[in-house]
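Read-outs throughout are calculated quantities, based only on the coordinates presented, and are distinct from any laboratory measurement. Quick caveat, the model's predicted, so the values are computed rather than measured. Note: ideal-geometry Cβ built from the backbone for every residue, glycine included; neighbour counts use all protein chains shown.
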Amino acid sequence: MFLNKNTKYVLLCIAAVTTLLMFNVFQAYAAPVQQKVPTLVVFVHVINDNGGAMEASDFAVTVTAKDPSPAIFSGSEIGTTVTMKNSEYKVTELAVKAYKISYSPGCSGRIKNKEAKTCVITNDDIAPHLKVIKHVINDNGGTAKASDFGIYVDGNNAIPNSFQGSEAGTDVSIYPGWYNVWEYGLPGYNPSYSIECNGEINLGETKTCTITNDDIPKAELKVIKHVINNDGGTASSSDFTMNVNGNSPSQNWFPGSESGTTVTIYEGYYDVWEYNLAGYSQSNSADCSGYISGGEIKTCTITNDDILPAHLIVKKHVINDNTGMKKAANFTMYLYGNNPSTNYFSGSEDGIDVTIYPGWFDVYEYGDSQYGESFSGDCHTNINSGETKTCTIINDDIY
Ligand SMILES: [Ca+2]
Ligand SMILES: [Ca+2]
Ligand SMILES: [Ca+2]
Ligand SMILES: [Ca+2]
């Protein structure tokens, strides 16, 4: 191989530089330069076990020391390495709403050269807190207690979400978001909800819901059933069944009573009914329907007066002057009217006396094709109390 002088020199130089570089690389791996400045690794840890959504990078960290680098930075769960000079140091985090900050011991103190320390900042989300108070006012004779009311909380992971009311209040843990507190009311109590019984609750917030139930004064309704039997009637007051409709009456079906039956009832519209009996007229006093206020006392009297019945004489007259052979009893009579004593019977030349109550009536018969049929007297008309009317149906044989 032939090399001139210049070429040899260049190769020598390359070899020298290469050797130097290799030596340096080897040095770098084999014996790194000893750490001289103090180092601090800052970990920012976030616990979101109550519905929080912040991340480590949402927290700003400041390091106070001599020449810290970096001095201000966003938090990191994997840690941020900060160098500084031999000095007192302190790590602080900018407070974030609804997170509780805690610092590990390494977050402040003194750091010397060659020292490496660790600081852990923990940020725990603060659960929203809902307090539910049940308040009962019994200033009108009510006897219910707070615990008689069942309370329910609709919301984000509310615990407990159903419980008995308490005057001292019940603490409910809940995640942030919309919520609503409600109860099963009791009859006789007016509920009212405070403003914080529904709405939105945020991390770290405390809200108080008070449900107040005020007893409603009751009213009294006296129901008197009066029966007048001056026309042969025999029913007594207890033969009539009374019915009270309204706001939770203490009883709504009961037998009538001349001395009266007292029904307690809550404020509101009401009415009193009865099952009337045939043969009695019915009249209700003014307070048998309307509106009753708390504390009011009203009396309803339903009077039933026996009605003097009427008499309807139904006669059947048969004329057999051709070849007819039938008698009155061969014809069947029937009638429609107000509660007649009979409505289906055999014809009679003497007449059948039917007791009937006032009102419209109609008398008919089952005819016969051999006989013509005519009505005389009162067979389709009105009858009054105590009146007597006669209806005659005449049948004349045709052939
Ligand atoms: Ca938490
Ligand atoms: Ca009250
Ligand atoms: Ca009468
Ligand atoms: Ca004839």
Task: Value of Rg to Rh for the range 129-215 (Rh from inverse mean 1/r over Cα pairs, i.e. Kirkwood) - done: 0.99
Task: Charge dipole magnitude, Cβ of K and R +1, D and E -1 - the chain, Cα centre, debye nearest 20 - done: 4800 debye
Task: Neighbourhood net charge (13 Å Cβ-Cβ; Lys/Arg +1, Asp/Glu -1) for ALA310 - done: -3
- [ ] Using the Kirkwood radius over Cα pairs, work out the Stokes-Einstein diffusion coefficient for the range 115-179 at 10 °C and 1.306 mPa s, in µm²/s as a whole number.
- [x] 109 µm²/s
Task: Span per principal axis, largest first, for the Cα atoms of the chain (Å) - done: 178, 71, 23
Open item on the list: Between 0 and 90 degrees, rounded to the nearest ten: what's the tilt of helix 5-30 against the longest Cα principal axis of the chain?
Closed with: 50 degrees
Open item on the list: Which residue fluctuates most in the GNM of the chain (Cα springs below 10 Å): GLY188, GLY324, GLY279?
Closed with: GLY324
Task: Order of GLU200, GLU93 - criterion: other Cβ atoms within 10 Å of each residue's Cβ, fewest first - done: GLU200, GLU93
TODO: Pull up the cross-link candidates among the aspartates and glutamates for LYS222, meaning alpha carbon to alpha carbon under 14 Å and not fewer than 8 places away within one chain.
DONE: GLU258, ASP271, ASP287, GLU296
Task: Mean shadow area of the range 218-306, taken as a quarter of the surface of its Cα convex hull (nm²) - done: 4.9 nm²
Task: Under 20 Å from LYS36, Cα to Cα: aspartates and glutamates that are on another chain or at least 8 residues apart - done: ASP67, GLU88, GLU115
Open item on the list: Tell me the mean residue ellipticity at 222 nm calculated for the chain from its helices only (DSSP H runs of n ≥ 4, each -39500 (n - 2.57), averaged over every residue, nearest 500).
Closed with: -2500 deg cm²/dmol
TODO: Normalise the Debye intensity by I(0) for the range 39-125, one equal point scatterer per Cα, no solvent, then take log10 at q = 0.15, 0.18, 0.26 Å⁻¹ and round to two decimals.
DONE: -0.49, -0.68, -1.27
TODO: Could you work out the relative contact order of the range 79-175, using alpha carbon pairs under 8 angstrom and six or more residues apart, expressed as a whole percent?
DONE: 23 percent
TODO: Over the alpha-carbon set of the range 310-397, work out the extent along each principal axis and list the three values in angstrom, largest first.
DONE: 42, 20, 19
- [ ] Would you calculate the separation in nanometres between label points at PHE375 and THR234, each defined as 7 Å from the Cα along the Cα-to-beta-carbon direction?
- [x] 3.3 nm
Open item on the list: Taking the Cα centroid of the range 135-185 and of the range 259-335, what is the distance between the two, rounded to the nearest whole Å?
Closed with: 53 Å
TODO: Would you work out which of ILE151, GLY185, SER238 lies farthest towards the positive end of the dipole of the chain, given +1 charges on the beta-carbon of Lys and Arg and -1 on that of Asp and Glu, about the Cα centre?
DONE: ILE151
- [ ] List the relative contact order of the chain as a percent without decimals, with contacts defined as Cα pairs under 8 Å and 6+ residues apart.
- [x] 10 percent
TODO: Mind checking the full-extension length gain between TYR364 and THR262? Use 0.36 nm per residue of separation minus the Cα-Cα distance, one decimal, nm.
DONE: 31.8 nm
- [ ] Considering the options TYR89, THR62, GLY294, tell which one lies farthest towards the positive end of the dipole of the chain, charges being +1 on Lys and Arg and -1 on Asp and Glu at the Cβ, about the Cα centre.
- [x] TYR89
Task: Cα-based reach from LYS207 at 26 Å (exclusive), listing lysines while leaving out same-chain residues under 8 positions away - done: LYS97, LYS100, LYS131, LYS134, LYS145
Task: Cα gyration tensor of the range 257-328 - equivalent ellipsoid semi-axes, whole Å, descending - done: 54, 12, 9
Open item on the list: Using the Cα centre of the range 218-306 as the reference point, and only Cβ charges (+1 on K/R, -1 on D/E), how large is the resulting charge dipole? Debye, rounded to the nearest 20.
Closed with: 240 debye
- [ ] For the chain, build the charge dipole from Cβ charges (+1 Lys, Arg; -1 Asp, Glu) around the Cα centre, then report which of GLY106, ASN382, PRO255 sits farthest towards its positive end.
- [x] GLY106
